[in-house]
Structures are given as C-alpha cells and as structure tokens.
4 protein chains.
Amino acid sequence: MKQLRGFASDNNASVHPVIMEAIANANIGHAVGYGDDTITEQAQQVFKQCFGQQTQTFFVYNGTGANVIAIQALTQSFNAVVCANTAHINVDECGAPEKLSGCKLLPIDTDNGKVTVEQIERYMHGFGFEHHAQPKVVSITQATELGTIYAIEEIKAIADYVHSLGLYLHMDGARIANAAAALGCSLADISINAGVDVLSFGGTKNGLMFGEAIVFADAKLAESVKYIRKQSTQLHSKMRFISAQFVRLLEDDLWLRNANHANNMARLLGEKVAAIDGVELTQRVDSNGVFAIIPKDIIEPLQQEFFFYVWDEYRSEVRWMTSFDTTEEDIEQFVSSLQKLQK
Amino acid sequence: MKQLRGFASDNNASVHPVIMEAIANANIGHAVGYGDDTITEQAQQVFKQCFGQQTQTFFVYNGTGANVIAIQALTQSFNAVVCANTAHINVDECGAPEKLSGCKLLPIDTDNGKVTVEQIERYMHGFGFEHHAQPKVVSITQATELGTIYAIEEIKAIADYVHSLGLYLHMDGARIANAAAALGCSLADISINAGVDVLSFGGTKNGLMFGEAIVFADAKLAESVKYIRKQSTQLHSKMRFISAQFVRLLEDDLWLRNANHANNMARLLGEKVAAIDGVELTQRVDSNGVFAIIPKDIIEPLQQEFFFYVWDEYRSEVRWMTSFDTTEEDIEQFVSSLQKLQK
Amino acid sequence: MKQLRGFASDNNASVHPVIMEAIANANIGHAVGYGDDTITEQAQQVFKQCFGQQTQTFFVYNGTGANVIAIQALTQSFNAVVCANTAHINVDECGAPEKLSGCKLLPIDTDNGKVTVEQIERYMHGFGFEHHAQPKVVSITQATELGTIYAIEEIKAIADYVHSLGLYLHMDGARIANAAAALGCSLADISINAGVDVLSFGGTKNGLMFGEAIVFADAKLAESVKYIRKQSTQLHSKMRFISAQFVRLLEDDLWLRNANHANNMARLLGEKVAAIDGVELTQRVDSNGVFAIIPKDIIEPLQQEFFFYVWDEYRSEVRWMTSFDTTEEDIEQFVSSLQKLQK
Amino acid sequence: MKQLRGFASDNNASVHPVIMEAIANANIGHAVGYGDDTITEQAQQVFKQCFGQQTQTFFVYNGTGANVIAIQALTQSFNAVVCANTAHINVDECGAPEKLSGCKLLPIDTDNGKVTVEQIERYMHGFGFEHHAQPKVVSITQATELGTIYAIEEIKAIADYVHSLGLYLHMDGARIANAAAALGCSLADISINAGVDVLSFGGTKNGLMFGEAIVFADAKLAESVKYIRKQSTQLHSKMRFISAQFVRLLEDDLWLRNANHANNMARLLGEKVAAIDGVELTQRVDSNGVFAIIPKDIIEPLQQEFFFYVWDEYRSEVRWMTSFDTTEEDIEQFVSSLQKLQK
C-alpha cells in the first residue's frame, strides 16, 4: 500500500512518534479511571503553567465535544451563540451545538473566517425581549477555518466588547498552535490573556491520536463542567492516555515545532501553487491551510492522486491542509501533479 | 511509584500489549479521516464475520456514546426505554440517555441485574395513549452490572416478547466478552443471533485504549446512525486508531483469552474472600465481578491499599472487578490485606 | 345530545359561569400582548396578595407546561428530579420533563401518592459523583394523583430536609385548591409558606377554560423564566384572557367554593359506592377523587353510561373524579347504575 | 380606561364576538378531554372539507407550538430547516425550534420576507455528508412577516423543487387568511393544494381567543404527532373550547371577512401614511401589515399614543398591523397624530 501523505486535512496525519512514545509510557499497571490518576494531575499542572493558575482544564475526546461542552457551560438553552458562518460549530458539527445546548447559532457572513466588533454589534439587541434567543456567547476560531489569524489586539477588542455586554468569549482553538506559531507568541497570549473565557484547545490536528482540552479562564466558570462532560458522552475512562499526550505536547514545545513545520509547509505550498496558471489563492496563507480556486475539470483527477476536499463547489474553491509530517517532497509531487493536469 | 493493579474497575486496567502494538502498526502515513480508511474497512469486515453479513457496525469512543446512539437510532423522543434499575444507562451515564434521546427510562427493580419477561410485561401498556411515553426499546446488559449473565434462552425469550409488541431489544455489551467466555459460546450467539437488534460492544473494559462498537442486526435500522454519531460528538477523526484495536481484539480470539482470564481471576477472588469470616458474597460470580458485603469499618482502610468502589453504602456492599491483567499474586495480596483488616 | 356530567376527570367539566363572564368582560378593545396588559398586572397583584409580596407568578397554558417550566427554572440538564411514581410529571406528560429539561426522573414507589423524607433519603447520594445525575429538585403533588393530601407538617418536613441538602421543593398543585379546602387552610399555608420553592398552580381543573400559573417563592429564582416560558411554547399572546380568569378565581374565594363543592361530592360518592357489595375503596377520599376496585366485568358496561378511566388494569382499580359542577343527582344516577350492574 | 385599538399587532386585538359566542355555546355539560369530544370531531370535519379528506389536523395553543410540532414531525435532530431570516421560527420563538427539534435553522437573507428556489438551492448540498446538518424542511411564511405574499405559482415552484430533493415544505400560516383573502383564492389553494406538506394554520391573529391548527397534507405524515403534541406541552385538556372557535371561524367564511377587513384597513393606512412627508413605505402592503421608515425622534412620542413595535432600529423602520376590528376612525386618529408629530 502506498503511504499517502496528502493535503485533505491535518487530522489525516499520523500520530507524532514522540506522542506515541508518551502513550506507551503511560501503559503501566492500573490507574484510577476518569481522570483521578497521576498523569492527569500532571497534565492539569502543565496546563496551569501554560494558561495561568486560575484556569481549569478538562480533557475530552474531540473538538466537537470540546465546543459543545464549552457552550453548555456558558449558556442556558434560550441563549444564542454568535459566530462566523464558516465556524466549525456552525457548519461541521451536524447541529451538535444546537442539539446539546438548545441554543440558536447566529452566523455572521464573513469572507475570511474572521468576525469584527462591528459585525457582532449587529446581533447585540433584543436583550430582555423574551421572543428573541438571548445572545450570551461569541465564538471565534483561531486559526480560522480559512487559515487566517486574529491578531492579539483584534481578540482583545472583541473580548472587551463582548464582556461589556455581559457575554462570554469562546475560542475554538482546534488550530491554536498554528496561530500562536505564526504570530510568534504564547498560547495564552492569543487566548486566555487576551480575554477568552473558554478555549477549546486542539490536539488531534497537531499530532495527537485523540484528545482535546477545554481551558476555562476561571475555575468558577467550570463548576458544572464535570457533569456536562459526562452527560455529553465525552468522559474517557482510561483518561491517562489522553493526559499523557497533552503532557508531552506542551512540554519541550512539541506543539510549537509541529505547528511551525505545518505552517512553513503551507507557505511553501501556497507559493508554488500560486505560480501556476489558473490557480488563484483565495485567502492569505497565515497558518497551515491553502485555499484556492482551480479549474473545475481538474479537481477530480487531482483528488484521484491526492485526496482533498472541495471547499465551495459553486466557485470551484478547494482546500489543502498541511500537517506536522508534511514533507517538501510531498509538496513537490503534489505541485507536479497539479501542473500536469493544468496544462 | 508503586504499580497498582487493583480491583476498582476493569477500565482501570492498562492497554493489552498486543493492542498497543496494533495501534503502533496503524501509525503509518496519512489516512482519510472519519472512517473512510482501509483499516476501518477491515474492521467492519471483521465485525461482519463475527456477527453476520447483514449487520452494520459503527465505531465510537465509549460505552455511554454507544448506548445513547443506539437508543437514538431506535426511538423518537416520546418513547420510553425499559431497563434494569442497575443498568449503566440508568445510573452511570449522568442522564445522557434522557438528554440526548429525550426518552424516559423505565427502570425495573431487580436483585441480580437481570430482567424477566414478566417484569417487562408490567410496563407494556398505554400503547397509543398519548399521555404516556411509549415503550419502544428494552435494554438489557450482558454481563450485567452485577456480574450475572443471561442464558441464551433467556435472551431469546425477551427478544421474542419484545418483538411481538413491535419493540426493539438493545444489549449493553460493555462486558459481552466476559459473558460469552463464561457461557462458552460465540459473541453472536448471545446477542444478534438471540434476537438483539442493537448491541453496544465493549472494548475498553477488555484491553483496548479507547473505542466501543455499535452493532446493528440489520443495516436498515442504521440508516441515520452516521448523522446521530456525529451529532452526538462520537465520531473520531483519526478513526484508524480505534479500528485497528478492534481488528486485533477480534482476530485470534484475543477478546476471549482476555475475558476468560478476567473471569477466572474473579472466580478465584470470589472463592477466597467468601472463605473469610464477615465477608458475604451477594451475587453469583459468573463473569469478572465480585460483589460482597463486608464490615463498614474496614472499607476505608482496605481502599487505602487497593482502590475500589462501594456499591451500596446502605448495606455496606462493595464491588471488586478483575481484568485481563489481574494476576494471582494481586489476588493473594488483596485477600491477605482483607484478612488482616478483618481480624 | 344528552349533557353528560361524568366522573372521568375534573378537566372534563365545563367552565364556571363566573369565569366565563370574566372572560367576556376582558374582551374590550386592544391590549398589549404577551402579558404587558393591565389585567395581567392585576392578576399578578392578586397572586402576590395570596402568596406574598416576594413571590413572582407566570401564567401558562396548562399543567404540563407549568411543571416543565418549573423544573427547567430549577435545574441544569445533568440534574435529577425525585418524585412519586404516580406523579403527573412521571406518568402523564409523555416524557415532557425529560425532553425539555434533559433531567432524569427518579420515581419513588408509593401506595398513596405521597412521599416521605425517608423515601427521598434513599436517593440523596452520589452528590459530586459525575456519573450520577445530580438530584436538585423534589417534586410533590398536592392533592396527590390518588386524592390524598399532605398535611402542612409533612410538607414542612420535606422542605426542611430538601433545603438542608441544597435542593429545591416543587409542588404540582394542579389540585391545590382541593387540598387547601380539605385542610381548611390558605393556599399559601400548604405551599409557599410551608417551604415550597415553586408551585404549579392549577386552574383548569377547578373551573377555568385554560390557564395555569407558576408561583415562585422568590423572584430571584425566576430570573430566566420568561425566556424558558417562551422557548417552551407556553407564552400566550392574548394573555389577558388567562389573567382575567385567575383574577376572578382568586377573588371572592371562588376557588374555595368550587373546591369545597367538588370535595363534598367526592365524599358523598365515596360513601355511597363503599356501601355497595364488591366495591372496595383503595384510597382515603381526602379531596375530589374516589379510587376503587370493582369487578372487571362491570367496568365496560358502566363506562358506556358514564365515561371514566381505569387506573390499574392489573387490579381492576378505577378512578372517579368530581368537579365544581357535579350534582347530587349525578351521583345518585351513577351509583344507581353501578348498583344495577353489580347485582 | 381608554379602550385602545392600536397597530402593535393583530394579536393585540380582541376576540371576535361571534367567536366569543361559539365559546359560550360550547360550555354545556361535561365533555371528554384532550379532543375526544364531539365538537373537536366536528372541527376536524370542517378542516377536511376545507383542505381535503386525506388531510389530518391537530389543534394546539399557539403558533410557536404549531411550528415546532410541525418541524418535529418532519425531522430528526440531525436535520436542518431552511427559512427566511425574517421567519417567526428564526427570530421570534426564542430558539424553541432548535431546542425542541434539535435541528439547525439555515436562514436565507431576504429583503421582503420571501424566499426563492434559487436562494434555497444554495443550501441544497452536503446530502449524505455526516458533518453537515441534513436539510429536510423548507419553511415559508404566508403572508410573510413583512406583509408580502407568495403567489400560488411561487409556492408550487418551491414545493416542486423541495419535493424533488426529498424534502418537505412547511408553511407558517399564522396569517394565511390574510394571504388567501388578498389573492382571492381558497385557503387550500395557497397551501395544501400548492404542495405544502404541513401547514401551521393561524387563528389567534384573526379573531380567536387562543388556538392554532396544524394541517398535515397526508395523515401518514402525522402518525407520531399526537405524542409530539403532548410531549411539547401543547395538548389542551378542555379541547372543545379551541375546536368550537375553529368551527365557527371556518363556517360562513368568518375567516375571510375578518381577513379582508384587516387587509383593507392596512391598505388604507398605507396610503395615508405614504402621503406624509418623511414617511417611506419599505414593503408592499399586500396583507395586513404596513412597514415604514419614519424619523427616529417621533417614534417614541407616537408610541406613547399608540403602542407599536420598532422593526429595525438601525434604519428606523417600524411596523403597524391592522386587524379585524380596526376601524377607519382608528386610522384617522393615528394618521393625525403622526402628521402632528412629523411637522
């Protein structure tokens, strides 16, 4: 079997060898289930060092789980969540946020995946009017689903505005590592320190086998979360195997090396494809995703060689993601195939 | 750190080394996410060989996920699910079945974790009466939460009765391997072949790192399941790592060896503790659990040495579970501690 | 068409003429919708006079609506609600409480519809244990679905116990008027003043056309209720027509006269049927319901003449309800029919 | 108290005297509850005559109830419902559709409250892709929340398109009477006969006290509805009082006379205000609503005299609704006040 390293998604990547080793190392003897073990305790300490002593972190299986638990922790069912129309919670979770939280999602049309205070403002009305779902959370994605990145000041501006109205700011950080790497700042600087109340911290897209974390800026916000996690089917029994991955990811800056590499590969891929006639980049390549319009008739032949997703069939836009294990050779082969088809 | 192998739960056990190897072997190159990979295809074939060609299997993260997806697949929100009062869905999932399915649970009082046709019959009324939640599913657990086991004929009798009324039979098989091992029959014989419509097939308690399977007796019942799984936050992106575990578990009868060992260890433990003055077994030791009443004042001291759970604090009943990695030495040490405290 | 006044249910009764008049009187000109009208303001004052100035009342369509809004106001989805197995929320609302609140119901087996502190105590464990739905509400019914009544001291004892654990006490008062009339005390004395946190106050069964009220002991508990009511589809646009009924019901003690009459008729009916051979009362006749075991073979013929419900088909138990418009003649005819069939 | 007949909403109107009489006439003796009475049977016949023998109708309390039951009947929780961004289900039900159905709403931006096949088409993708909520229902409003009306051919075109994809067409007909009156056709012609699968049929806004109806084009679609209605808290016990109103509304074309009058009054109001300097109509006055931009500074003073709602505070747009009881004198007074303020 040919070993593919394609550009479909960073979650098509393998598990980083160092993470695999951490998992193997955790497999010794018995450990109390559901998180009352020493490795999970260690992981929580690592997160506190990373995000602050007042934070509290919960480990879950996946990003959808992290997001819907975060939303449930901040809302009642009559609330509304404002987000970009491109947000994962809006388009890629099969309605899980609505089903589990009962809340309405209020999507903002956006060209680049980022929302602004001005756009959010349009939804900030009807408070106290019982006929309208009451806005309580603004959710932003960092890096966005379109590979773009919020600057720290942009996040702070949104946080300040959101807090001034008594709302909470949630960040879907499935690719927060890529954003921090690109901006050259810490994970906390672009999330908790910038005013984010709850962060869905991604692991699987950055080299883990499974597992995401939910970081609450203040433990007070998290009082009910252990019940919500369990009722939302996201509590793992053999928790140490998630925790061990996170300990290893955050130690020695593995998260940063992985993210930097993926970002670099995306930049390279972006430069190479942009030079091909008939290929037009549609977004800045700020993190590890490349979005481009290519001729409709070459999409399928190219997918035969390297599987990837069509992003917008109406305008023949495709998405190519890089990951920690993407090689320059992968990119050369891919670009070569694209060039041949495009002739 | 002292390596504990206690009796708290079979999910406190480690990952079986052969399973760990299977995971490592799956970690090569990229694979399409969410189950469209070759290992998952292979796993689905293995399940068809095990349970029949007409069956369809879905892989999920954990038992709660498996159960609530199974229930959702069989019900509408105005339905009711009949189960033993001791059922995991009734007492150990923090209300996840009610929340995700909207259904009412109708618990049957039972002394040994098993329900009978006669007990189910008491709930089979009010059909067509819109004020009552409409019974649609009977859920049984094999092996039960009390370590007891349904004979094949008992399952068939329940299935026949349930089907005669247009209801479905769900089996929570978190420990189905232990039951099949104890009865000396195949996994299918005590589930799908006996009339079970949907089976939650357990992996984590029998040596996996994470992952359970939902087996539908007929693919027609499963048409909506892929959406339900996603919306219930139970779809893993790097699916191959769950699938690889299941392939290995079912091949070469690893499931059986593991279960047999755990059962044997429980039998041994049961015999030894039953011989101690002041210890009274409360259930037959049919699979890998031992339930006993012991003096209240020795519970805490014993937990200091070997962590385990109190089952019923009112009558000072405790639960001890064995697993694939329990050793005779573990049992001897435990029994020795118990004896000392009991003097 | 023969005008039936049967014994099927107090909600089969007509609308009291004085209530009908109040409705007609409210039908003048326009009024702001959804409760911002002067009649609703007046109704809220009437409820404050009745239950105390610190209370807050919301008007809804029906008892199921009142109960599920009350539960939602007091819980999060991972909570549990303890109630009698006979409770309306448990058996007669088609699972609405589970669906709308997400909570688990924990039913207590009871012979007379009443629960005791000792019975509740059995469920008061597992606090802080995330695998168990967390008890947060105890719900009692006054008068019970079996026509029995809690004494004030019994309610106080439950309230004290419940509050000592940080739980809330809900009362389903679909027939609270009958209970207060029977005990000769005020509506508040057996509810809010006795420690009830939220009361579902019944109207329809005591002479209204439609409408129930939810009375919160403290307005602080009710901060989210207006949104919950709307989202639960229970907010009426032409609210004045509910409010006008309640103003009239509580003024001049119409509620009391209606309830006293219904209670008296039940007592009379109970005495007369108890004297018939083969008829055995199964509950005390404390309010407006009569429960009796009668020969199976006369149930259907009797239902042909006077429609009523079988309560427990296993033991041939039936239920006969009286209402504000039941006459002595109705009872004589009914008893006469019963006597003839029983010969 | 000054008797206001304002322009805030058609649900601020009184109950039509003929309807009040029908209610009074229904108040004789006992009737079996929950719809098993002769008046409800009669009402169901009246609806069959109106919409066809194959249809099935359910009576509920209000429009939100009708809409969420209709949606639940047509969907599973992983489905999506496409509607105009102005739809009542999207903006005026506090998230009830999401909470009760679990479905995602996909709102279409629209200037006039109407959606087109082309606009719907943009959402018709991702079928079979489990990450996306699966579109299953398109919901249109007739007359729309902006007072505009779909022509029969427009509805048919949407219905044909929707059905060709296996979806259902729901119509929120809170003001269907106004639409039919304006188009001069039958109620069925613009709903069931044009391809609508389920119709929320409005009563309260056209002279009823309370009560809406849900009309299913085919009884087969409605098999679970009685349970859904009960679980959604929308089943009235004293059903005859809703049914009697509907019998009267549909007999002798009371619905039509009421709607025609309201429409005529809106047309008159529209003409008069359009002639005032500084007042700009923003929508066609096709039914009983008038939408206009007026100077911001006169809104509050005008509301002091006649309460009405601001529709869009950003552009200073207001809404004025007429009803069956609006008089020419009301309009003259209102226009006169507006003129004075506008000077």
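Things worth noting here:
- Net charge, D:Phe59 excluded, C-beta distance under 15 Å - Lys, Arg +1, Asp, Glu -1: +2
- Distant alpha-carbon pairs in chain B (separation over 29 angstrom), percent: 39 percent
- Taking a ≥ b ≥ c as the square roots of the eigenvalues of the Cα gyration tensor, the protein assembly as shown is classed as oblate, since a/c reaches at least 1.5 and a/b does not exceed b/c.
- For the Cα trace of the range A:26-179, dividing Rg by the Kirkwood Rh returns an Rg/Rh value of 1.01.
- With helices as the sole contributors, the protein assembly as shown gives -12000 deg cm²/dmol at 222 nm; each DSSP H run of n ≥ 4 counts as -39500 (n - 2.57), and the sum is divided by every residue.
- Alpha-carbon centroid distance for the pair the range D:263-278 / the range C:254-303, whole angstrom: 63 Å
- Computed over neighbours whose Cβ is under 12 Å from that of D:Phe334, the net charge equals -2, Lys and Arg +1, Asp and Glu -1.
- DSSP-assigned coil residues among chymotrypsin sites (Phe, Trp or Tyr not before Pro) in the range D:235-311, each with at most 12 further Cβ atoms within 10 Å: none
- Residue of chain C nearest the C-to-B rotation axis [by Cβ], rounded angstrom distance: C:Glu98, 2
- Anisotropy class of the range D:157-284 from Cα gyration tensor, a/c 1.5 cut: oblate
- Net charge contributed by nearby residues that have their C-beta within less than 15 Å of A:Gly278 (K/R +1, D/E -1): +1
- Rounded if a/c under 1.5, otherwise prolate or oblate - the range A:1-111, Cα gyration tensor axes: oblate
- Estimated FRET transfer efficiency (D:Gln42, A:Ser186; beta-carbon r; R0 51 Å; 0.05): 0.10
- When the residues B:Arg229, B:Arg122 are ordered by accessible surface, computed with a 1.4 Å probe over the protein chains alone, the sequence from largest down reads B:Arg122, B:Arg229.
- With the simple spin-label model, which puts each label point 7 Å out from Cα in the Cβ direction, the B:Ser164 to D:Glu313 separation comes to 6.5 nm.
- DSSP assigns beta bridges within the protein assembly as shown; of those with both partners inside it, close to 50 percent run antiparallel.
- Proximal lysine pairs, the range C:17-252, alpha carbons under 22 Å, eight or more residues apart or interchain: 21
- Within the straight-line cut-off of under 17 Å between alpha carbons, the lysines reachable from C:Lys343 are C:Lys272, C:Lys296, sequence neighbours fewer than 8 places apart in one chain being disregarded.
- Antiparallel DSSP beta bridges within chain A, percent to nearest 5: 50 percent
- Each other copy holds its own label point for C:Thr38; taking that point as 7 Å from Cα along Cα to Cβ, the gaps run 4.1, 7.6, 8.2 nm, nearest first.
- Nearest-first distances (nm) between copies at D:Tyr314, label 7 Å from Cα via Cβ: 1.9, 6.0, 6.2
- Taking all Cα pairs closer than 8 Å and separated by 6 or more residues, the relative contact order of the range B:17-252 comes to 31 percent.
- The range A:18-101: relative contact order as a whole-number percent, Cα under 8 Å and 6+ apart: 21 percent
- For the range B:1-95, the set of trypsin sites (Lys or Arg not before Pro) satisfying both a DSSP loop assignment and a count of at most 10 other C-beta atoms within 10 Å is given as B:Lys2.
- Across the identical copies, how the C:His125 labels are spaced - nm, sorted shortest first, 7 Å along Cα→Cβ: 3.2, 5.6, 5.7
- Value in Å of the Kirkwood radius, where the range C:255-342 supplies the Cα pairs that are averaged: 13.0 Å
- Solvent-accessible area assigned to carbon and sulfur over the protein assembly as shown amounts to 47 percent, based on a 1.4 Å probe.
The values are calculated or read from the model by the stated rules, or taken from the named source; none is laboratory data. Just so it is clear, the structure is predicted and the values come from calculations on it, not from any experiment. Glycine gets a Cβ as well: all are built from the backbone with ideal geometry, and neighbour counts include every protein chain shown. All accessible areas refer to the heavy atoms of the entire protein, side chains included, with ligands and DNA or RNA removed. Shrake-Rupley method; radii C 1.70, N 1.55, O 1.52, S 1.80 Å.
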